[in-house]
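Where a number appears in this text, it was derived from the coordinates with a stated rule and is not lab data. Predicted model, so just to flag it, every value in this text is computed and none were measured. Glycine also receives a Cβ, built like all others from the backbone with ideal geometry; neighbour counts cover every protein chain displayed.
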Amino acid sequence: MHKQLKIYLTMFSFFVLGETMLGPIYAIFVKDIGGNILDAGIAWSIFMLISGIGIYLMAKIQDRIKKYTKFMIGGYLLISLGFLGYYFVSNVIQLFLVQILMGIGTVIVVPARDSFYTEYLEKKNLASQWAAWESLWFIVAGIAALLGAFIANKFGFKFLFLTMFILSLIGLVIATQLKDKNGNKSIH
C-alpha cells in the first residue's frame with residue numbers, strides 16, 4: 001500500500017471516530033434540545049440532500065481543478081467546525097444550520113477524498129485496498145458508537161462534541177501531510 005494511503009487512512013480514522021460517535025444517540029440529542037423524531041428526520045434529511053446534490057456538482061469542479069488535498073482540508077475543516085457547532089446548539093433551528101454546514105463540508109470532501117484514494121491505488125490490489133478503507137470505517141464506527149454513548153452518558157453531550165472536535169483536529173493535522181499524485185501538498 002502506498003505511503004499516502006496509509007497517511008490518509010490514519011487521518012480518516014480520526015474523522016470516522018469523531019463523526020460516528022453521535023450516530024446511535026443522535027435522536028436523543030435532538031430530543032434534549034427540544035426536538036422530536038420528526039425534527040431528527042428533518043435534520044438528517046437536510047444533511048443528506050445537501051450532500052447528495054452537492055457532491056455531484058462539486059465533482060465536476062474538482063475534475064477540472066484536481067487539487068484534491070486542498071479540497072479535503074477545506075471540507076474536513078468545515079466538518080470539524082460542524083462538530084464544534086453541535087456544542088453550541090440549543091434548539092432545532094440551530095441544529096438545522098449545523099447540518100447545512102456539515103453537508104457543505106461533505107460536498108467538498110467526498111469527491112476529493114475518493115479521487116485522492118483512487119489515485120494511489122495499486123492496480124493489482126484494488127479489492128484489498130478498498131477493503132482496507134471500508135473495513136476501517138466499520139471497525140472504527142463500531143468502536144465510536146460505544147465510546148460516544150459512554151461519553152454522552154457519563155459526561156454529557158457537550159463533552160462528546162468537544163471530543164469529536166478534538167479528534168477531527170488531530171485528523172486535520174495528519175491531513176497536512178497528504179500530497180496529490182502531482183506532488184502538491186495540502187498545505188504549503
Residue within region 82-89 that is under 22 Å from Leu17 (Cβ atoms) and not in a helix (DSSP H, G or I) present: yes
Flag for Gly34 being without any contact (Cβ under 8 Å) to a residue 24 or more places away in the chain and either surrounded by fewer than 21 Cβ atoms within 10 Å (Cβ to Cβ) or part of a helix (DSSP H, G or I) (or both): no
Would you check if there is a residue in region 151-160 being in contact (Cβ under 8 Å) with a residue 24 or more places away in the chain, crowded, with 16+ Cβ neighbours inside 10 Å and under 18 Å from Leu81 (Cβ atoms)? yes
Tally, over region 46-73, of residues that are closer than 23 Å to Thr176 by Cα, surrounded by 17 or more Cβ atoms within 10 Å (Cβ to Cβ), out of contact with any Ser or Thr (no Cβ under 7 Å at 6 or more places or on another chain) and not aliphatic (A, V, I, L, M): 1
Can you tell me which condition Leu22 does not meet? The list is (1) farther than 18 Å from Ala175 by Cβ; (2) surrounded by 13 or more Cβ atoms within 10 Å (Cβ to Cβ); (3) more than 13 Å from the chain's Cα centre (by Cα), and all the others hold. (3)
Checking Tyr86, Tyr117 in turn, the sole residue that is under 19 Å from Lys3 (Cβ atoms) and either crowded, with 16+ Cβ neighbours inside 10 Å or touching a His at 6+ places or on another chain (Cβ under 7 Å) (or both) turns out to be Tyr117
Among the residues that make up region 125-132, is at least one of them part of a helix (DSSP H, G or I) and either in contact with a helix residue (DSSP H, G or I) (Cβ under 7 Å, 6 or more places away or on another chain) or surrounded by 21 or more Cβ atoms within 10 Å (Cβ to Cβ) (or both)? yes
Within region 67-81, tally of residues that are free of Cβ contacts under 8 Å to residues at least 60 places away in the same chain and not in a helix (DSSP H, G or I): 0
Just name the residue that is farthest from Gly23 (Cα to Cα) out of those in region 164-183 that are surrounded by 17 or more Cβ atoms within 10 Å (Cβ to Cβ) and small (Gly, Ala, Ser). Ala175
